[in-house]
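Please treat every number below as a calculation from the coordinates, not as lab data. Please read these numbers as outputs of a predicted model, since none were measured by experiment. Here Cβ is always computed from backbone atoms with ideal geometry, including for glycine, and neighbour counts include all displayed protein chains.
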Amino acid sequence: DRREYSCAGFDWGKYLVDDNNEAAPVHLFPHAQMADHWSEIEKGVKVEVLNLDCPVPTKVYWIAQVIKVSGYKALLRYEGFGDSDSRCDFWCNLCTHDVHAVGWCATIGKPLVPPKTIQFKYSNWKSFLVQRLTGAKTLPNDFQQRVVESMNCPFLMNMRLEVMDKTQISRMRVGIVEEIIGGRLRLHYEDSDEPNDDFWCHSRSPVIHHIGWSEKVGHRILVASKDYKVIPGFKNSKPELFAPTKPIKVCGFKVGMKLEAIDPLNLSCICVATVRKVLKNGYLMIGIDGSEAMNGTDWFSYHCASPSIFPVSFCEVNDIQLTPPKDHKGTFLWERYLEDTNTEAAPAHLFNDEVISHGFMPGMKLEAVDLMEPRLLCVATVARVVGRLLRVHFDGWENEYDQWVDSQSSDIYPVGWCELVGYELQPPANSQAAADTQAIIKKKSKP
Ligand code: MLZ
C-alpha cells in the first residue's frame, strides 16, 4: 500500500487548516508526478471515493466533492451533506487507489451507498444524485492510469552512474542505484564496503551524471580501478537519462573572477565566491572565499547556466544578506574587495538570466529535502521568493537551517508527495506530531 509509510502522527490536512495555510500546487513542480495533469483538479470537482461512514465490512463508495486542494491532498465532502455541514469532511490523497472518476462504480457494477449519517435525509437518492451530478466536473477517466504512468522512473536498480562524493564535494565517485522511490534514487558508493554509505537524490538532480562524464568535462573522480567504466554484470545509465543543462554558446567565465554563489555546504548563505577552474562543456569549479580548504577539496562544480550562481551585487539588489569571507573585518563592500584582492567581477551577462514564471509565493507549504542530510524530506514553507529563487524554511527549525533553492529544483515536492510514493516525511520539529512520532518509535524499540 502506497500509504503505509505516511508519517505517523503528522496530519497535513489538520496542519494546513489549523494555521490557515496554502500548499504550493502540484503543477508548480515540473519533476513531480501528475504535474502536467493537475491544472484541472480544483474546487468543485466530484469523485467516487471510499465511503468511510458506512457500517459494512466491504468497500463501498459514494460521491464526494472537492472543497479544497492542497498539493496532492484534497478536503472532500460527501454528496448530500449540503453547503454548510462539514461533520464528515475528510482529507484524502487524490492519487490513492480509492479515488475514481464519477461513473467508475457503474462501469464495474459496484453500488453507490450513501453515508449513514445522512441516510434518511433523502428518500430518492438516485434522483438526488442525477440532479447533483448533471454537468458536474469530474476526474479524467484515465486518472488512475496516469497516476501509475507518472510513477515510472527511467533509472533501474543496479545501474551505475557518477555522483558527487558527499564527503568531499569537489570530486565524483561511482554510484549504484540501490533503491528508487518516486523518482528519488538511493545510490551506494561503489568503492565503499560500508553498507550504509549512500546518497539520496532525485533522478533529475544536477549532482549525478553518466559514467564517463568526469573524464569528459575534466572533473576529478575517485575510482577504484582504471577499468571503472565497465564492470561485468552491471549496466551503466545512459547519458539521455540525466537532466540536460541549458545550452550555452560560449562560457565566458575565467579563473579568478568573483561572483556570489549559494554555499553548497551551508545552503542558507549566499557567499562571496571565486571561479577556481573552468572545466569543459560549461562547467566551473567554484570556491567560497575565506572558507576554502587548502587543496580545493571544498570547491564545487556548478554549470555556468546554474541558477545557484549570481553576479556581484545580486544580494544587495535583492535585499539579501550577503555572507562575506570568513576572515573579513568591517562592512563588506564589493568595490573595495575587488580592489583589495586585485580581481574582477564576472560580468553579469555570463549568468543565466532566464525569467521563470513559477507561481510560488511566500507562505506556501511544501515537502523539501534537507540537502545537508538528503535522505530527509521535511515539512517546509516558502519563506521568500526572489525571482526564480526560493528560500525554503523547515517548519519548527531555526532559520539557519533554511535553504536557498531554485523554483525548478527537484529537491522540493508538493504536499502529500511522501504519502503518494511511500517515503517517510519528517514532521515539523517540536510539534505535537513530532513528539507523538518520537513516542511511537520509543515504544517500538523497547525490548
Ligand atoms: N542531525 C541534524 C538533523 C537536522 C534535520 C533538520 N532538518 C530540517 C540535527 O539535529 O541538527
To the nearest 0.05, the calculated FRET efficiency linking residue 107 and residue 67 through their beta-carbon distance, R0 being 25 Å, is 0.45
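What is the extension gain from residue 266 to residue 236, computed as 0.36 nm multiplied by their sequence separation minus the C-alpha to C-alpha distance, in nm to one decimal?
Separation in residues times 0.36 nm, less the Cα-Cα distance, equals 7.6 nm.
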What translational diffusion coefficient, in µm²/s and rounded to a whole number, does the Stokes-Einstein relation yield for the chain at 20 °C and a viscosity of 1.002 mPa s, taking the hydrodynamic radius as the Kirkwood radius over Cα pairs? 87
Could you work out the local net charge near residue 214, counting Lys and Arg as +1, Asp and Glu as -1, over the other residues with Cβ closer than 9 Å to its Cβ? +1
For the range 369-378, in residue order, the Karplus 3J(HN,Hα) values (coefficients 6.51, -1.76, 1.60; θ = phi - 60°; whole Hz; Gly and Pro = x) are 6, 7, 5, 7, 9, x, 6, 8, 10, 10
For the range 29-155, taking Cα atoms only, what is the radius of gyration to one decimal and the Dmax to the nearest whole Å? 15.1, 54
Under the rule of at least 5 residues apart or a separate chain, name every residue whose amide H is placed under 5 Å from the amide H of residue 298. 293
Report P(r) for the range 179-307: all Cα-Cα distances, bin width 5 Å, range 0 to the bin holding the largest distance, values in whole percent. 2, 9, 16, 20, 20, 17, 11, 5, 1, 0
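Hand me the trypsin sites (Lys or Arg not before Pro) from the range 237-302 located in a DSSP loop with no more than 15 other Cβ atoms within 10 Å, in residue order please. Don't jump to the answer; show the numbers that get you there.
Details: sites: 249, 254, 258, 276, 277, 280; in loops: 249, 254, 280.
Here the sparse-neighbourhood loop sites are 249, 254, 280.
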Report, ordered by chain and residue number, the aspartates and glutamates lying within cross-link reach of residue 46, taken as a straight Cα distance under 13 Å and ignoring same-chain residues fewer than 8 apart. 79
If you find the alpha carbon centre of the range 368-424 and of the range 268-296, how far apart are they in angstrom? 24
Starting from the Cα-Cα distance between residue 297 and residue 357, subtract it from 0.36 nm times their residue separation and give me the gain in nm to one decimal. 18.0 nm
How many angstrom lie between the C-alpha centres of the range 157-222 and the range 82-141? 47
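Want the number for residue 156 to residue 243: 0.36 nm per residue separation, take away the alpha-carbon distance, what's left? Let's see the in-between values first.
Values: separation 87, 0.36 × 87 = 31.32 nm, distance 1.59 nm.
Working it through step by step, the gained length comes to 29.7 nm.
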So if I place +1 on the C-beta of Lys and Arg and -1 on the C-beta of Asp and Glu, and nothing else carries charge, what would the dipole magnitude of the chain be about its Cα centre? I want it in debye, nearest 20. 1200
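Just to verify a number: FRET efficiency for residue 331 and residue 222, C-beta to C-beta distance, R0 = 45 Å, to 0.05?
Numbers: r = 41 Å, r/R0 = 0.91.
It comes to 0.65.
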Length-normalised contact order for the chain - Cα pairs under 8 Å, 6+ apart - percent: 17
Excluding residue 223 itself, calculate the net charge of residues whose Cβ lies under 15 Å from the Cβ of residue 223, where each Lys or Arg counts +1 and each Asp or Glu counts -1. +1
Just to check I understand the Karplus step: with θ = phi - 60° and J = 6.51 cos²θ - 1.76 cosθ + 1.60, what whole-Hz values come out for the range 294-307, glycine and proline as x? 3, 8, x, 5, 9, 5, 9, 8, 10, 6, 5, 9, 5, x
Under 5 Å, built H, 5+ apart or other chain: amide partners of residue 101: 48
Find, among the trypsin sites (Lys or Arg not before Pro) in the range 72-119, those assigned to loop by DSSP (not H, G, I, E, B) with at most 16 other beta-carbon atoms within 10 angstrom. 87
Which value in deg cm²/dmol, rounded to the nearest 500, describes the helix-derived mean residue ellipticity at 222 nm for the chain, given -39,500 (n - 2.57) per DSSP H run of n ≥ 4 and division by the residue count? -3500 deg cm²/dmol
Give me the one-decimal nm value for the distance between modelled label points at residue 132 and residue 373, 7 Å along each residue's Cα-to-Cβ direction. 4.6
Diffing the range 345-351: the Karplus 3J(HN,Hα) column from phi (6.51, -1.76, 1.60, θ = phi - 60°), in whole Hz with x for Gly and Pro, holds 7, 5, x, 4, 6, 6, 8
Scaled by the rule-of-thumb 2.2 N^0.38 Å, the alpha carbon Rg for the range 361-414 gives a ratio of 0.98
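Enter the per residue convex hull volume of the range 269-399, computed from alpha-carbon coordinates, in Å³ rounded to the nearest integer. Present the calculation step by step, with values, prior to reporting the outcome.
Values: hull volume 19.9 nm³, N = 131.
Roughly 152 Å³ of hull volume per residue.
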